[in-house]
1. Specify the residue that is surrounded by the fewest Cβ atoms within 10 Å (Cβ to Cβ); the eligible residues are those in the range 1-27 that are among the aliphatic types (A, V, I, L, M) and within 14 Å of Val98 (Cβ to Cβ).
2. Looking for whichever is aliphatic (A, V, I, L, M), at pLDDT 95 or above and open to solvent by less than 50 Å² (accessible area, probe 1.4 Å) here; the options are Leu47, Leu80. Which one fits?
3. Could we say that Arg71 is surrounded by 13 or more Cβ atoms within 10 Å (Cβ to Cβ), of a type in the set (Lys, Arg) and at pLDDT below 95 here?
4. Kindly indicate which of Arg30, Arg100 is basic (Lys, Arg) and open to solvent by less than 70 Å² (accessible area, probe 1.4 Å).
5. Closer than 18 Å to Gln3 by Cβ and either surrounded by 14 or more Cβ atoms within 10 Å (Cβ to Cβ) or not acidic (Asp, Glu) (or both): does that describe Pro107?
Amino acid sequence: QVQLVESGGGLVQAGGSLRLSCAASGYIFRIDTMGWYRQAPGKQRELVAIIVSNVGTNYADSVKDRFTISRDSTKNTVYLQMNSLGPEDTAVYYCSLVGRAGRTATPKDYWGQGTQVTVSS
């Protein structure tokens, strides 16, 4: 069973930085995507940034030039470096992984438990 464990959330002042980490454990034959989503109170969960294997990265317009997603394939870990944080970035951040158990297996979607990021003004 694949599990995702996030870390790095917390409270930061506006203009500050945080780095989120998400480590995947368990057997995965191939990872299709790893990414970060967030959900603010009263809002829908939204994509923040994603790495598509062998393709590249994609960011929400609201975080471009401030956030950077990266992945350590040797550790099945994805990171989100968040700079110039503002109160609008306050949310629970969720790690996502889409992967396969075998070459012809159906992709499955896995989620972390979420980590709270709070930005004070």
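1. Taking the range 1-27 first, the residues among the aliphatic types (A, V, I, L, M) are 2, 4-5, 11-12, 14, 18, 20, 23-24.
From what is left, the residues that are within 14 Å of Val98 (Cβ to Cβ) are 2, 4, 24.
Numbers: Val2: 16, Leu4: 21, Ala24: 20.
Only one residue fits best here, namely Val2.
2. Details: Leu47 fails: open to solvent by less than 50 Å² (accessible area, probe 1.4 Å).
Just one listed residue meets the conditions, Leu80.
3. Numbers: surrounded by 13 or more Cβ atoms within 10 Å (Cβ to Cβ): yes; of a type in the set (Lys, Arg): yes; at pLDDT below 95: no.
In short, no.
4. Working: Arg30 fails: open to solvent by less than 70 Å² (accessible area, probe 1.4 Å).
Being basic (Lys, Arg) and open to solvent by less than 70 Å² (accessible area, probe 1.4 Å) holds for just one of Arg30, Arg100, which is Arg100.
5. Details: closer than 18 Å to Gln3 by Cβ: yes; either surrounded by 14 or more Cβ atoms within 10 Å (Cβ to Cβ) or not acidic (Asp, Glu) (or both): yes.
Considered against the rule, which asks whether it is closer than 18 Å to Gln3 by Cβ and either surrounded by 14 or more Cβ atoms within 10 Å (Cβ to Cβ) or not acidic (Asp, Glu) (or both), Pro107 comes out as yes.
The values are calculated or read from the model by the stated rules, or taken from the named source; none is laboratory data. All figures in this text were calculated on a predicted structure; none of them were measured in a lab. We place every Cβ from the backbone using ideal geometry, glycine too, and count neighbours over all the protein chains shown. The accessibility values were calculated without ligands, DNA or RNA, using every heavy atom of the protein model including side chains. Shrake-Rupley method; radii C 1.70, N 1.55, O 1.52, S 1.80 Å.
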